[in-house]
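Inspection log for the structure reproduced underneath, given as structure tokens.
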């Protein structure tokens with residue numbers, strides 16, 4: 001009775017973290033910000049329904065899918081338009097703290113050559129001549145340097161398309177496990193990579209707990225998970241659901257009902273995170289969308305398929321994919337309901353569901369992305385839906401600044417930091433902090449470069465440039481800043497070598 005998505009995978013040819021620590025029990029986001037600079041360090045492990053960092057502080061995955069390695073391009077998409085560092089900088093500035101990187105086993109073949117990368121004007125210069133795995137190394141290294149975490153996702157056996165089971169005739173289970181072990185070994189000691197999603201969206205005839213080793217995904221996940229942990233015991237092992245359990249069907253990879261009776265048991269304790277996928281009508285119709293009670297019926301649906309695992313403190317739950325074009329009212333109501341169900345950060349902190357939105361890419365056929373088709377402009381409506389479940393409190397990265405005092409008036413301070421500079425261009429971030437005693441309603445920052453630099457693109461703000469002086473005003477979604485809170489804008493500029501100018505901030 002279910003129709004599952006085909007367009008999304010077809011139309012793609014040619015995502016210290018912003019993690020929120022808690023004290024004892026549930027803690028509001030504002031209080032947790034004080035310790036945010038220390039959150040997320042090192043490798044992670046689980047404790048009940050929470051994920052903890054190396055220091056034992058709870059963290060929240062609030063991230064984005066950046067696909068492409070699993071397609072015939074054999075590399076993340078969008079590099080035909082932009083420098084990879086520019087996009088990672090933008091992800092960070094928008095408040096995403098984790099990138100899920102889908103890949104296929106094709107990237108392990110010596111004959112595979114990544115394609116559709118623009119090297120003009122200095123873009124992606126350090127990727128020239130590299131194979132897919134070497135490019136993945138670069139992305140992981142820069143994400144880690146930027147404070148983002150990475151989850152590797154074995155999305156497909158090959159670039160041709162999704163498989164129901166974790167193996168095919170051409171890519172047997174032995175190859176799947178060998179490649180998982182190779183990645184776990186490759187990134188051993190690099191704690192930017194916190195885990196591996198073993199296989200994307202198992203579906204019929206995959207089963208959970210049926211005992212047939214050719215179809216039982218739970219048993220396969222145990223074999224693969226143990227193989228991964230044998231070479232890198234620090235990693236988290238992300239295990240998706242199936243389609244059908246005991247005759248009840250749902251989204252591909254989204255049915256985790258079998259966990260209650262048949263949990264995944266690995267040789268290393270506190271490493272399993274269960275992963276669900278959930279979508280809206282732009283992907284496929286499901287019976288619950290036409291329920292007269294919709295969307296009030298949805299929490300019960302989510303509880304049944306995967307939410308109970310979190311609510312019963314069995315293990316952490318990560319919604320590894322969810323997305324929509326937002327074209328229909330039903331989809332808009334679905335996303336609003338799901339975001340609320342994921343537990344707003346300001347209320348629950350890191351004691352929440354984890355998530356990575358599908359997708360960063362605009363070229364996902366049945367969902368679109370956070371970026372619009374120019375690969376630069378942010379879909380502020382879609383991004384805005386996610387604002388309450390992002391994990392605020394990213395530590396500042398330094399740089400020049402200016403600011404104001406306290407008192408009963410709205411004042412702000414700003415810092416400017418260059419995140420990458422390749423000579424022909426650069427990326428930078430300006431962070432605005434409310435340094436006063438009342439909330440900001442809006443803000444404006446200004447700086448003057450000593451050279452001939454110009455802004456080439458900007459996100460999270462609008463700007464004007466007169467000569468060497470740039471004036472940037474907050475976007476609609478980030479003008480309001482609580483006392484002690486912060487907001488940021490990011491931009492690309494050219495040429496490089498502009499240094500760090502002083503920035504003034506004015507509350508407007």
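The values are calculated or read from the model by the stated rules, or taken from the named source; none is laboratory data. Bear in mind the structure is a predicted one, so any value in this text is a computation, not a measurement. As a convention, Cβ positions derive from the backbone with ideal geometry for all residues, glycine included, and neighbour counts pool all protein chains shown.
Table for the structure above
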| quantity | calculated |
| --- | --- |
| Residue identified as outside the structural domain of residue 483 (by TED's automatic domain parsing), surrounded by fewer than 20 Cβ atoms within 10 Å (Cβ to Cβ) and touching a strand residue (DSSP E or B) at 6+ places or on another chain (Cβ under 9 Å) among 366, 351 | 351 |
| Restricting the range 325-348 to residues that are part of a loop (DSSP other than H, G, I, E, B) and out of contact with any strand residue (DSSP E or B) (no Cβ under 7 Å at 6 or more places or on another chain), the residue that is surrounded by the fewest Cβ atoms within 10 Å (Cβ to Cβ) | 327 |
| Some residue of the range 436-448 being surrounded by fewer than 20 Cβ atoms within 10 Å (Cβ to Cβ), modelled with pLDDT of 85 or more and more than 28 Å from residue 384 (Cα to Cα) | yes |
| Number of the exception - residue 29 against (1) surrounded by 22 or more Cβ atoms within 10 Å (Cβ to Cβ); (2) modelled with pLDDT under 90; (3) within 21 Å of residue 371 (Cβ to Cβ) | (3) |
| The range 66-100, residues that are assigned to a loop (DSSP other than H, G, I, E, B) and closer than 23 Å to residue 433 by Cα | 94, 95, 96, 97 |
| Residue match in the range 162-174 (condition: closer than 28 Å to residue 288 by Cα and modelled with pLDDT under 95) | yes |
| Some residue of the range 449-460 being closer than 20 Å to residue 385 by Cα and either touching a helix residue (DSSP H, G or I) at 6+ places or on another chain (Cβ under 7 Å) or part of a strand (DSSP E or B) (or both) | yes |
| Test: residue in the range 270-285 that is surrounded by fewer than 17 Cβ atoms within 10 Å (Cβ to Cβ) and either touching a helix residue (DSSP H, G or I) at 6+ places or on another chain (Cβ under 6 Å) or assigned to a helix (DSSP H, G or I) (or both) | no |
| Condition broken by residue 361, with the remaining ones in (1) in contact with a helix residue (DSSP H, G or I) (Cβ under 6 Å, 6 or more places away or on another chain); (2) assigned to a loop (DSSP other than H, G, I, E, B); (3) buried (at least 20 other Cβ atoms within 10 Å of the Cβ) satisfied | (1) |
| Selection from the range 256-269 of residues that are touching a helix residue (DSSP H, G or I) at 6+ places or on another chain (Cβ under 7 Å) and either outside the structural domain of residue 321 (by TED's automatic domain parsing) or closer than 15 Å to residue 221 by Cα (or both) | 256, 258, 259, 262, 264, 265, 266, 267, 268 |
| Set 170, 192, 178: member being more than 30 Å from residue 260 (Cβ to Cβ) and under 19 Å from the mean Cα position of the chain (by Cα) | 192 |
| Residues satisfying the stated conditions in the range 124-153, i.e. at pLDDT 95 or above, surrounded by fewer than 22 Cβ atoms within 10 Å (Cβ to Cβ) and either assigned to a loop (DSSP other than H, G, I, E, B) or at positive phi (or both) | 128, 129, 130, 131 |
| Qualifying positions in the range 286-316 - assigned to a helix (DSSP H, G or I) and surrounded by fewer than 17 Cβ atoms within 10 Å (Cβ to Cβ) | 287, 288, 290, 299, 300, 303, 304, 308, 311 |
| Residues located in the range 102-123, provided they are surrounded by 18 or more Cβ atoms within 10 Å (Cβ to Cβ) and over 26 Å from residue 240 (Cα atoms) | 112, 114, 117, 123 |
| Residue match in the range 433-441 (condition: within 20 Å of residue 124 (Cα to Cα) and either outside any strand (DSSP E or B) or touching a strand residue (DSSP E or B) at 6+ places or on another chain (Cβ under 9 Å) (or both)) | no |
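Yes or no, residue by residue, for (1) at pLDDT 90 or above; (2) surrounded by fewer than 21 Cβ atoms within 10 Å (Cβ to Cβ); (3) under 19 Å from residue 420 (Cβ atoms):
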{"position": "469", "(1), (2), (3)": "yes, yes, no"}
{"position": "475", "(1), (2), (3)": "no, yes, no"}
{"position": "482", "(1), (2), (3)": "no, yes, no"}
{"position": "495", "(1), (2), (3)": "yes, yes, yes"}
{"position": "502", "(1), (2), (3)": "no, yes, no"}
